[in-house]
Amino acid sequence: MDFTTIRYDVSDHVATVTLDRPDRLNAFNQTMCDEFERLWDHVRRDDDIHVLVLRAAGDRAFCTGVDVQDGIDTAANVWSQRDPGEQLGPKHNHV
């Protein structure tokens, strides 16, 4: 799989995912959210993956949350907005 904000590797039934935006303290933007959604779909369908390990590149922060400069796509109406973490987490992606 080809990603720009995360690295992905599988070895011995273990998937390793690395947040790969150390210059932005691994803050997530819309691209990362979309990539995680694709990743979870892949992991859910691959019976060869038994566990997933989440890591982060760099040595200053694991993840500082939403990238306030890049931002994420949100609905104009506050009541229609989704939690950006839904795309990132396994539970909301049925994994």
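The values are calculated or read from the model by the stated rules, or taken from the named source; none is laboratory data. This one's a predicted model, so the numbers in the text were calculated from it and none came from an experiment. Cβ: placed from backbone, ideal geometry, glycine included. Neighbour counts: every protein chain shown. SASA here: full protein model, heavy atoms, side chains in, ligands and nucleic acids out. Shrake-Rupley method; radii C 1.70, N 1.55, O 1.52, S 1.80 Å.
For this structure, a couple of remarks:
- Scanning segment 73-94 for residues that are closer than 30 Å to Asp12 by Cβ, surrounded by fewer than 15 Cβ atoms within 10 Å (Cβ to Cβ) and in contact with a Lys or Arg (Cβ under 9 Å, 6 or more places away or on another chain) yields Pro90, His94.
Here's the yes/no breakdown for (1) under 17 Å from Asn93 (Cα atoms); (2) in contact with a Ser or Thr (Cβ under 6 Å, 6 or more places away or on another chain); (3) open to solvent by 30 Å² or more (accessible area, probe 1.4 Å):
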{"residue": "Asp12", "(1), (2), (3)": "no, no, yes"}
{"residue": "Met32", "(1), (2), (3)": "yes, yes, no"}
{"residue": "Arg38", "(1), (2), (3)": "yes, no, yes"}
{"residue": "Gly71", "(1), (2), (3)": "no, no, no"}
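- Yes/no for Arg45 being open to solvent by 60 Å² or more (accessible area, probe 1.4 Å), more than 15 Å from the chain's Cα centre (by Cα) and at negative phi: yes
- Cβ pairs under 7 Å, 6+ apart, first in segment 15-26 and within 11 Å of Thr5 (Cα to Cα), second in a loop (DSSP other than H, G, I, E, B) and aromatic (Phe, Trp, Tyr): Asn26/Phe62
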